[in-house]
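Take a look at the structure set out below.
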Amino acid sequence: MPTSKRVFRLLALSFGLLGLIGCSLALVGAWSVGARLRRATEEFFEKVESTAVVVQARFVQVQEHFEASKVTREGIAKSLKDWTKREAVERAAVRLDIEKKTERLASTLQQADHWLELSGSSVELVQRALSMASSAGAPADPAAVDALIEDIAFLRTKLAEATDVVTRIRDSTAEKSGAKPLDQRIKQAAELAVRVAATLGTLDFRLDKFVHRLSQMQENSRELRVKTVRRIRLGTIAVMLLVLWMGAGQVALSLYGWRGLERGQTERPPCGERLPRMG
């Protein structure tokens with residue numbers, strides 16, 4: 001075999017073997033990267049799901065406190081409405097009862113606002129996480145969380161209004177020197193109690209609506225999780241098939257070089273034997 005052909009076959013065999021090594025490493029790398037992406041995706045959506053569960057649990061607590069506060073709200077309204085029917089001796093005890101109930105109601109509303117604040121922070125974290133996932137190419141929609149954030153902002157605004165009105169009711173029924181007559185202040189407090197009942201009534205409906213939206217977000221998150229993991233799997237399989245196809249080419253190149261070298265060895269004359277001269 002001429003030297004040039006032998007060198008060419010050696011290069012083909014060398015490049016083919018190097019290509020096979022490279023394809024093997026690429027195959028392992030593609031599988032490893034795909035596994036890491038799937039694991040990271042699973043962890044990400046688990047955090048989103050756990051955050052949604054925490055927020056839902058807090059809202060259930062808020063709903064329970066709102067339900068329990070209905071008795072207090074109705075008791076305040078009834079006491080204020082029946083104020084004029086009370087005897088002078090009973091009014092002092094009723095006033096103290098109203099003061100205690102308004103303090104309890106104000107405390108309940110402040111606790112609900114605190115839970116809403118924590119829930120808002122958690123939902124904002126989910127929104128930022130979805131934004132990062134969307135920027136990375138994942139089929140995430142951070143705008144789907146906007147409605148939840150708006151609901152929380154609305155609820156906190158209404159709670160602040162209701163808390164302020166409850167505070168005014170308590171101040172109206174308190175003993176104050178130089179203030180308006182107590183009967184006049186009680187009448188004003190009764191009007192404020194109606195306003196509180198109307199405000200908190202809208203919150204009951206909005207809380208139910210929020211819980212429904214949160215459940216919908218959880219369902220969408222589960223679907224997105226399945227779709228994202230499926231895309232990662234398909235992408236990994238596609239890359240591995242491409243690498244295998246390239247590896248087949250490297251195998252063919254290696255076989256070409258190896259067989260060529262084998263043929264060259266069989267065609268070489270024995271040592272000491274001279275080839276016949278042409279012409």
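Things worth noting here:
- Pairs from the list Lys101/Lys180; Lys70/Lys180; Lys158/Lys227; Lys47/Lys70; Lys158/Lys187 with a Cα-Cα gap above 27 Å: Lys70/Lys180; Lys158/Lys227; Lys47/Lys70.
- Theoretical FRET efficiency, 1/(1+(r/R0)^6), r = Cβ-Cβ of Glu67 and Glu43, R0 45 Å, to 0.05: 0.80
- When the convex hull of its Cα atoms is viewed from all sides, region 1-134 shows a mean projected area of 11.8 nm².
- Residue-span extension gain [Asp183 to Ser50] - 0.36 nm each, minus C-alpha spacing: 42.6 nm
- R0 of 45 Å, Cβ-Cβ distance Glu150-Trp245: FRET efficiency to nearest 0.05: 0.35
- Estimated inter-spin distance, Gln110 and Arg6, nm [label 7 Å along Cα→Cβ]: 9.6 nm
- Virtual spin-label span in nm between Val229 and Ser24, 7 Å along Cα→Cβ: 3.2 nm
- Region 47-235, relative contact order [Cα under 8 Å, separation at least 6], %: 29 percent
Laboratory data are not the source of any read-out in this text; all were calculated from the coordinates shown. Please read all numbers here as calculations on a predicted model, not as lab measurements. Positions of Cβ are backbone-derived with ideal geometry, glycine not excepted, and every protein chain shown enters the neighbour counts.
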